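Trainee: Here it is: the structure, laid out below.
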Amino acid sequence: MNCVRIMFGVVLSGFLLSGSVCGQTDGVRSRPVTVSAEAAEIHSSGMLFDGHNDLPWEIRDKGKSSFDQLDIGREQLSLHTDIPRLRRGGLKAQFWSVYVPAETAETGDALLQTMQQIDIVRAMLKRYPETFEQASTAADVERIVKAGRVASMMGVEGGYSIEEDLANLERLYAAGCRYMTLTHSKSLSWADSATDKPRHGGLTDFGREVIREMNRLGMLVDLSHVSVETMKQALAVTKAPVIFSHSSARAICDHPRNVPDDVLPLVRENGGVIMVNFYSSFIVPTAQLKQNREAAGTIYDVVDHIDYLAKHCGVKHVGIGSDYDGVPRLPDQLESVAAYPRITQLLLERGYDRAAIHAILGGNVLRVLREAESVSATLKAAAAKQ
């Protein structure tokens with residue numbers, strides 16, 4: 001069993017943690033999680049801000065891009081996400097992925113298809129205005145959440161969507177995209193992917209220009225999917241905090257999509273956030289996956305990743321990036337967006353206080369948004385003086 005010890009009374013990054021998670025038996029780790037009144041109150045009073053959900057692609061693929069075909073206003077058990085379960089899960093803000101396949105880089109229609117995915121998000125906001133509202137800034141997020149709606153931002157999943165043109169990056173920002181994952185499954189002409197052969201040893205000069213332009217715009221640099229060298233080089237270039245919108249801890253699950261230990265101090269120094277992915281293949285401990293590649297894991301494995309990153313990177317640098325509706329297999333007790341409160345319950349049981357839980361649920365990524373906006377304003381002001 002892989003476990004992470006949190007010693008009684010330890011303070012990490014200004015948050016109080018107490019208790020220990022080591023020594024748990026398999027029976028304890030498989031028990032059903034019951035959300036207490038205390039955990040429910042902590043969860044509802046915080047801002048759950050998920051870094052990655054692929055619902056727009058599922059609407060395209062399963063619903064023919066139509067909410068008439070796939071009405072998320074009622075439960076849709078072919079999906080992980082719909083409005084009734086989203087409400088039960090207490091989701092307050094979401095980055096909706098406007099993913100298109102990496103193959104579009106070869107067919108030449110990556111930008112076109114990405115704009116089509118943006119249109120699906122816009123159609124969702126228009127169809128369900130009582131539930132969703134588009135947010136452009138951190139202040140928008142807070143205002144929309146206060147009004148009782150889900151603050152909705154978009155994230156581009158793969159730098160091939162800009163088709164090697166910085167003007168397209170600005171176009172995507174203007175359309176409402178507030179982060180871009182530098183690569184997806186394939187290495188690009190300007191950046192190496194975690195799951196493809198390296199072509200550049202990280203970033204090219206154009207790749208560095210992309211990051212500088214994202215800083216200028218106020219668009220978050222997302223380092224999920226990229227190679228370790230790309231991670232390190234991007235962290236050396238960026239002037240704003242980065243995110244890993246849906247990645248976990250490689251020390252627990254040795255998958256190239258996860259973040260290795262030698263990158264964690266760089267993320268802490270940068271002020272960024274690693275948003276833990278729920279996909280079974282990214283969270284089940286390495287030894288278990290070697291025995292069974294199809295192991296689903298449990299919610300306890302996901303919270304182990306949160307614990308590990310809190311201890312080794314800092315509570316201020318951990319978030320939630322579920323990857324709902326983008327993965328074929330999920331851990332037990334995290335079957336849909338209705339399950340988020342169970343994470344809060346387990347964090348409470350493991351000794352996290354209210355402030356730490358609120359930071360992990362969404363406070364950290366909201367801080368990163370504000371800081372990216374501040375960097376953008378500073379860069380634009382400096383350019384205006386030249």
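Trainee: What residues from segment 60-84 fall in the zone where the backbone N is under 12 Å from a label point 7 Å along the Cα-to-C-beta line of D119?
Mentor: Answer for segment 60-84: 65-66.
Trainee: Give, in nm to one decimal, the length gained when the segment between A147 and R370 is fully stretched (0.36 nm per residue of separation minus the Cα-Cα distance).
Mentor: 78.3 nm
Trainee: Pop the C-beta distance of S44 and A139 into the FRET formula with R0 = 25 Å and round what comes out to the nearest 0.05.
Mentor: It comes out at approximately 0.70.
Trainee: Okay, which of segment 92-132 sit inside 13 Å, backbone N to the point 7 Å along the Cα-Cβ direction of A175?
Mentor: Label zone hits: 97-101, 109-123.
Trainee: Another question, then. Report the charge-dipole magnitude of the chain in Debye, nearest 20, computed about the Cα centre from +1 at each Lys and Arg Cβ and -1 at each Asp and Glu Cβ.
Mentor: Using Cβ point charges on Lys, Arg, Asp and Glu, the chain gives about 800 debye.
Trainee: Report the local net charge at V273: Lys and Arg +1, Asp and Glu -1, summed over other residues whose C-beta lies under 11 Å from its C-beta.
Mentor: Summing Lys and Arg as +1 and Asp and Glu as -1 gives +1.
Trainee: All other residues with a Cβ under 12 Å from the Cβ of E371 taken together, and with Lys, Arg as +1 and Asp, Glu as -1, what is their net charge?
Mentor: Taking every Cβ under 12 Å from that of E371, the sum is +3.
Trainee: Another question, if that's okay. How much length is gained if the chain between E75 and T107 is pulled fully straight, taking 0.36 nm per residue apart and subtracting their Cα-Cα distance, in nm to one decimal?
Mentor: Length difference between fully extended and current span is 8.0 nm.
Trainee: Something else now. What's the ranking of 153-165, 369-381, 60-72, 77-89 by average number of surrounding C-beta atoms within 10 Å, highest first?
Mentor: Answer by packing, highest mean first, reads 153-165, 77-89, 369-381, 60-72.
Trainee: Counting only helical runs of four or more DSSP H residues, what would the 222 nm mean residue ellipticity of the chain come to if each run contributes -39,500 (n - 2.57) and the total is spread over all its residues?
Mentor: -12000 deg cm²/dmol
Trainee: Treating cross-link reach as a plain straight distance, find the lysines whose alpha-carbon is under 23 Å from the alpha-carbon of K62, omitting any fewer than eight places away in the same chain.
Mentor: Correct list for K62: K126.
Trainee: Order these by the 10 Å Cβ neighbour count, fewest first: R178, R354.
Mentor: Neighbour counts put them in this order, fewest first: R354, R178.
Trainee: In whole angstrom, and with the biggest value first, how far do the Cα coordinates of segment 140-225 range along each principal axis?
Mentor: 47, 25, 16
Trainee: Given contacts defined as C-alpha pairs under 8 Å and at least six residues apart, what's the relative contact order of segment 42-385, whole-number percent?
Mentor: 19 percent
Trainee: In debye, nearest 20: dipole of segment 252-386 around its Cα centre with unit charges on the Cβ of K, R (+) and D, E (-)?
Mentor: 460 debye
Trainee: Given axes a ≥ b ≥ c from the Cα gyration tensor, I'd like to know whether the chain is rounded (a/c under 1.5), prolate (a/b larger than b/c) or oblate.
Mentor: rounded
Trainee: Okay, next question. Could you give the Stokes-Einstein D for segment 90-169 in µm² per second, using the C-alpha Kirkwood radius, 20 °C, 1.002 mPa s?
Mentor: 159 µm²/s
A short reminder: the numbers here are calculations on the coordinates, not readings from a lab. Here the structure is a predicted model, which is why all the values come from computation and not from measurement. Every residue, glycine among them, receives a Cβ derived from its backbone with ideal geometry; neighbour counts consider all protein chains shown.
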